[in-house]
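Throughout, read-outs are computed from the coordinates displayed, never taken from laboratory work. Here the structure is a predicted model, which means the values were calculated and not measured. Glycine also receives a Cβ, built like all others from the backbone with ideal geometry; neighbour counts cover every protein chain displayed.
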Amino acid sequence: ETVVQVVDNKQTFLRGVTECNQIAIIKNGSVLVGADGRIAKVGTSEDVAAFIKESGATFEKEIDATGKCVLPGFVDGHTHPVWAGDRAHEFILKLNGASYM
């Protein structure tokens, strides 16, 4: 599966064109979430497995999110029916600093 990593190094948001164009696409990706709900590791499945082995982490449960979309935090991703169509082209514009209006 694919993981899209938007921020790195504990950033809470991206600023400007340069940062917004550094989105990572991780093929065969995995995400490890700690008991505190924070993301502990993002990487390839092999990288995350190695991290788990090195850290000696144990798990309460494992969630197979194959074919699913996992969004951390609150994301209000909605649109209004009046737009009736795909607005995906606007995403790259937003990442490059375009204003809403």
For the peptides 51-58, 65-72, what is the packing order when you average, over each peptide's residues, the other Cβ atoms within 10 Å and list the highest mean first? 51-58, 65-72
When you take every Cα atom in segment 10-60, what is the radius of gyration, and what is Dmax, the widest Cα pair distance, in Å? 13.3, 40
